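Data first, discussion second: the structure below is written as structure tokens.
The values are calculated or read from the model by the stated rules, or taken from the named source; none is laboratory data. Just so it is clear, the structure is predicted and the values come from calculations on it, not from any experiment. Note: ideal-geometry Cβ built from the backbone for every residue, glycine included; neighbour counts use all protein chains shown. When the accessible area is computed, the model is the full protein with side chains, heavy atoms only, and any ligands, DNA or RNA have been set aside. Shrake-Rupley method; radii C 1.70, N 1.55, O 1.52, S 1.80 Å.
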Amino acid sequence: MDNRLNGSALTAFYKEHLTESLLPFWEKAVDREHGGIFTCYSNDGGRLFSRDKYTWSQGRFVWLWSKLAGMSARGLLVLPSGRYAEEAGKAADFLRRNAIMDNGNCAFLLTEDGRMKESEPGKGFDTSVYADCFVVLGFAAYARVSGDSSYVEAALRLYDRIVERVEEGSFRSEPYPIAPGYRAHAIPMILLNVTQELLECAEAFGHARCLELADRCRRFMDDIMNRFLQPDGRIAEIVPASGAAPPDTVLCRHVNPGHTLECMWFVMHAAVRLGREELLAPAGRAVKRAFELGWDADYGGLLRFVDRDGGRPAGRLANDPYETLVLDTWDTKLWWPHSEALYVTLLSSRLLGDPDFAALYDKTHRYVFRTFPNPDRTIGEWVQIRDRQGRPLDKIVALPVKDPFHIMRDVLLIIELLDGDGRRLREAASS
């Protein structure tokens with residue numbers, strides 16, 4: 001074990017990575033005319049092939065720029081807080097004016113100047129509830145950094161519509177459709193994250209809905225830990241809606257290690273905030289199980305999908321398009337699970353005091369920073385999609401975008417954890 005877990009050196013490392021590699025790329029992508037950010041880049045970042053704007057990524061951008069503004073205002077980063085807040089506000093306004101449809105849902109795709117566009121002709125505009133969730137994240141974060149209460153209400157209206165659709169079963173979830181008769185871990189997972197962010201925003205404004213939002217956080221967290229967490233410590237991605245035993249299919253057998261790692265830090269944050277520390281150890285066990293199943297012993301790094309027993313996903317075929325994605329891309333190495341792994345292992349180490357998490361962090365750090373950062377420093381950022389051996393792949397894995405969210409979010413959370421704000425989590429967990 002080396003000294004990479006020692007706070008000051010590691011904080012300096014991540015601040016430098018943020019300011020020297022990540023931000024220079026994305027600051028050039030900001031649309032200062034219309035608002036928002038361009039994300040339809042090639043995997044290596046060398047070519048912008050479309051100026052269309054996926055609301056999925058635009059909401060995430062508002063969250064990121066608001067977070068940068070807030071951390072800079074608190075002195076955790078030496079960046080122009082006002083400029084980031086202004087650009088976040090312009091993007092939030094772009095979404096509020098253009099993305100929300102008459103039915104209260106978000107359009108999935110907009111043109112550069114904000115006109116709604118079908119991502120697949122004839123399929124409609126509001127094809128993914130995930131896009132709505134990310135717009136709520138952005139509105140809530142911008143409300144907090146700007147003090148503009150109108151964005152609290154805009155976020156709550158959109159959130160209520162999301163919850164209504166999920167409860168009715170009337171939502172769409174492109175690019176990850178859910179087979180009829182099944183439930184996906186991704187839904188309570190994203191709703192836990194969105195509700196937490198909205199709760200923090202509501203608390204900052206002293207909003208009357210704080211208690212309701214806290215209760216919803218508990219329910220989403222309990223749903224994840226009671227229904228999707230399995231006795232062997234893994235998180236099942238797909239389960240029967242009826243609560244019956246999962247059939248022996250690829251859909252029900254496959255595991256998404258990255259989703260487990262991301263979701264478990266959502267659970268840890270919520271458990272600390274809501275006084276449910278008894279969930280920290282089971283969440284930590286799920287983190288370890290994701291590494292046990294997902295880490296590639298031959299080439300290093302986390303595989304995109306694995307079987308519940310490890311290795312290539314197995315089981316009966318149900319002729320579902322999602323299982324095709326699982327089988328076709330299971331052995332790719334994607335950017336986002338690895339950035340989530342960096343944060344959750346550091347967080348778990350501090351909350352649980354288990355040296356195994358420090359070792360997992362160190363292994364992940366070594367792999368990530370020799371594999372993902374773009375070797376062309378004039379471009380910067382990460383080459384986000386790689387094959388099993390770590391070679392760049394020009395392949396679409398969800399949306400045809402190079403998304404800024406996961407890497408930068410995790411870098412910012414790590415800086416917070418190491419450089420002062422992490423005391424809040426540690427003190428709450430030990431009180």
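For this structure, a couple of remarks:
- Residues of the stretch 68-78 satisfying the condition of being surrounded by 17 or more Cβ atoms within 10 Å (Cβ to Cβ) and of a type outside the set (Ser, Thr, Tyr): Leu68, Ala69, Gly70, Met71, Leu76, Leu77
- Residue in the stretch 181-199 that is among the hydrophobic types (A, V, I, L, M, F, W, C) and over 19 Å from the mean Cα position of the chain (by Cα) present: no
- Exactly one residue out of Ser57, Ser21, Ser72 is at negative phi, in a helix (DSSP H, G or I) and free of Cβ contacts under 8 Å to residues at least 60 places away in the same chain, and it is Ser72.
- Within the stretch 132-149, residues that are part of a helix (DSSP H, G or I) reach partners that are open to solvent by 10 Å² or more (accessible area, probe 1.4 Å) and among the aliphatic types (A, V, I, L, M) with beta carbons closer than 6 Å, at six or more positions or on different chains, in the pairs Cys133/Ile190; Arg144/Ala204; Val145/Ala85.
- Test for Ile178: is it more than 16 Å from Ile100 (Cβ to Cβ), touching a strand residue (DSSP E or B) at 6+ places or on another chain (Cβ under 8 Å), in a helix (DSSP H, G or I) and not acidic (Asp, Glu): no
- Qualifying positions in the stretch 100-147 - surrounded by fewer than 15 Cβ atoms within 10 Å (Cβ to Cβ), in contact with a Phe, Trp or Tyr (Cβ under 7 Å, 6 or more places away or on another chain) and under 29 Å from Ser81 (Cα atoms): none
- Selected residue (only one of Asp394, Asp387 is out of contact with any Gly (no Cβ under 8 Å at 6 or more places or on another chain), of a type outside the set (Phe, Trp, Tyr) and at pLDDT below 95): Asp394
- Residues being in contact with a strand residue (DSSP E or B) (Cβ under 7 Å, 6 or more places away or on another chain), farther than 15 Å from Lys288 by Cβ and among the hydrophobic types (A, V, I, L, M, F, W, C) - total across the stretch 331-351: 2
The rows are residues; the columns are (1) in a helix (DSSP H, G or I); (2) open to solvent by less than 50 Å² (accessible area, probe 1.4 Å).
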| position | (1), (2) |
| --- | --- |
| Arg32 | no, no |
| Gly35 | no, yes |
| Phe61 | yes, yes |
| Ser66 | yes, yes |
| Glu86 | yes, no |
| Arg96 | yes, no |
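- Test: residue in the stretch 117-137 that is farther than 26 Å from Ala184 by Cα and in contact with a strand residue (DSSP E or B) (Cβ under 9 Å, 6 or more places away or on another chain): yes
- Taking residues in the stretch 268-293 that are over 17 Å from Asn256 (Cβ atoms), and partners anywhere that are of a type in the set (Ser, Thr, Tyr), the pairs with Cβ atoms closer than 8 Å and at least 6 places apart or on different chains are Met268/Ser348; Gly284/Ser348.
- Within the stretch 6-28, not a single residue is in contact with a Lys or Arg (Cβ under 9 Å, 6 or more places away or on another chain), open to solvent by 10 Å² or more (accessible area, probe 1.4 Å), closer than 20 Å to Ile385 by Cα and of a type in the set (D, E, K, R).
- Residues in the stretch 172-228 that are small (Gly, Ala, Ser) and either open to solvent by 30 Å² or more (accessible area, probe 1.4 Å) or touching a Cys at 6+ places or on another chain (Cβ under 9 Å) (or both): Gly181, Ala186, Ala202, Ala204, Gly206, Ala208.
- The stretch 397-431, residues that are assigned to a loop (DSSP other than H, G, I, E, B) and modelled with pLDDT of 90 or more: Lys402, Asp403, Pro404
- Elements of type helices (runs of 4 or more DSSP H) contained in the stretch 262-358, each with 1 or more residues being within 19 Å of Phe369 (Cα to Cα) and of a type outside the set (Ser, Thr, Tyr): 280-294, 335-352
- Unique match (being out of contact with any strand residue (DSSP E or B) (no Cβ under 7 Å at 6 or more places or on another chain), within 17 Å of Phe134 (Cβ to Cβ) and small (Gly, Ala, Ser)) among Ser66, Ser42: Ser66
- Scoring Val255 on the criteria (1) within 19 Å of the chain's Cα centre (by Cα); (2) farther than 15 Å from Pro313 by Cβ leaves a single failure, condition (2).
- Applying the criterion of being closer than 13 Å to Ala236 by Cβ and of a type outside the set (A, V, I, L, M) to the residues of the stretch 299-308, the residue that is most open to solvent (accessible area, probe 1.4 Å) is Arg308.
- Pairs where the first residue, in the stretch 245-260, is touching a residue at least 24 places away in the same chain (Cβ under 8 Å) and basic (Lys, Arg) and the second is open to solvent by 10 Å² or more (accessible area, probe 1.4 Å) and not in a helix (DSSP H, G or I), C-beta under 6 Å, 6+ apart: Arg253/Arg308; Arg253/Gly315
- Among the residues of this structure, Asp410 counts as one that is open to solvent by less than 10 Å² (accessible area, probe 1.4 Å) and acidic (Asp, Glu).
- Asp296 falls short of the stated requirement of being at pLDDT below 95, open to solvent by less than 30 Å² (accessible area, probe 1.4 Å) and over 19 Å from the mean Cα position of the chain (by Cα).
- Val239 being open to solvent by less than 10 Å² (accessible area, probe 1.4 Å) and part of a strand (DSSP E or B): yes
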